[in-house]
Amino acid sequence: QVKLVESGGGLVQPGGSLRLSCAASGIYFSFYAMGWYRQAPGKQRELVATITSGGSTNYADFVQGRFTISRDNAKNMVYLQMSSLKLEDTAAYYCKVVRGGTDYWGQGTQVTVSS
């Protein structure tokens, strides 16, 4: 059974930083690409960043060098280090893995950027 559990969200001021974590279980973690997505109220869920099994990364244009995705295969963890946060980064953040053609999502962690 695939399970993803996000953590690390919270309230932060503009310009601040947060590190999100996603703990994966039920998969041979090091074999799979992982992704972070976000969804703001009233908006569609959108890709933030992905990391392949080999560690290659890809970012949405809006990241603009502010976020870093990483993984620790020994711990079955994927991270999203976010800095220079903006008001518009406020959203629920989700991690995702695709296994056997099926998308598996965590429950999400809320990031609120506010002064």
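The values are calculated or read from the model by the stated rules, or taken from the named source; none is laboratory data. Because the structure is a prediction, the values reported are computed rather than measured. Virtual Cβ from ideal backbone geometry, glycine too; neighbours counted across all protein chains shown. Accessible surface is based on the protein model in full, side chains and every heavy atom, while ligands, DNA and RNA are left aside. Shrake-Rupley method; radii C 1.70, N 1.55, O 1.52, S 1.80 Å.
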Residue in region 61-87 that is farthest from Gly35 (Cα to Cα), counting only those that are touching a Pro at 6+ places or on another chain (Cβ under 8 Å) and of a type outside the set (D, E, K, R): Leu87
Selection status of Arg45, of a type in the set (D, E, K, R), under 13 Å from Lys96 (Cα atoms) and touching a helix residue (DSSP H, G or I) at 6+ places or on another chain (Cβ under 9 Å): no
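Residues in region 26-50 that are in a loop (DSSP other than H, G, I, E, B) and among the polar types (S, T, N, Q): how many?
Keep residues of region 26-50 that are in a loop (DSSP other than H, G, I, E, B), which gives 26-28, 32-33, 40-45.
Narrowing the set further to residues that are among the polar types (S, T, N, Q) leaves 44.
The total comes to 1.
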Matching option when the condition is open to solvent by 30 Å² or more (accessible area, probe 1.4 Å), over 24 Å from Gln1 (Cα atoms) and in contact (Cβ under 8 Å) with a residue 60 or more places away in the chain, among Thr90, Thr112: Thr112
Test: Tyr59 is surrounded by 12 or more Cβ atoms within 10 Å (Cβ to Cβ) and free of Cβ contacts under 8 Å to residues at least 12 places away in the same chain: yes
Region 60-77, residues that are of a type outside the set (Asp, Glu) and out of contact with any Leu (no Cβ under 9 Å at 6 or more places or on another chain): Phe62, Val63, Gln64, Gly65, Arg71, Asn73, Ala74, Lys75, Asn76, Met77
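Being polar (S, T, N, Q) and open to solvent by 50 Å² or more (accessible area, probe 1.4 Å) is the filter here, so list the residues in region 26-56 that pass it. Spell out how you get there, then give the answer.
Taking region 26-56 and keeping what is polar (S, T, N, Q), we get 30, 39, 44, 50, 52-53, 56.
Answer for region 26-56, where residues must be polar (S, T, N, Q) and open to solvent by 50 Å² or more (accessible area, probe 1.4 Å): Gln39, Gln44, Thr52, Ser53, Ser56.
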Which numbered condition Leu85 fails, given (1) in a loop (DSSP other than H, G, I, E, B); (2) open to solvent by 70 Å² or more (accessible area, probe 1.4 Å): (2)
Any hit, region 13-24, residues being under 22 Å from Ser115 (Cα atoms) and hydroxyl-bearing (Ser, Thr, Tyr): yes
Region 4-25: number of residues that are open to solvent by 50 Å² or more (accessible area, probe 1.4 Å) and outside any strand (DSSP E or B): 4
Criterion violated by Tyr28 - all others in (1) more than 18 Å from Thr102 (Cα to Cα); (2) over 11 Å from the mean Cα position of the chain (by Cα); (3) not β-branched (Val, Ile, Thr) satisfied: (1)
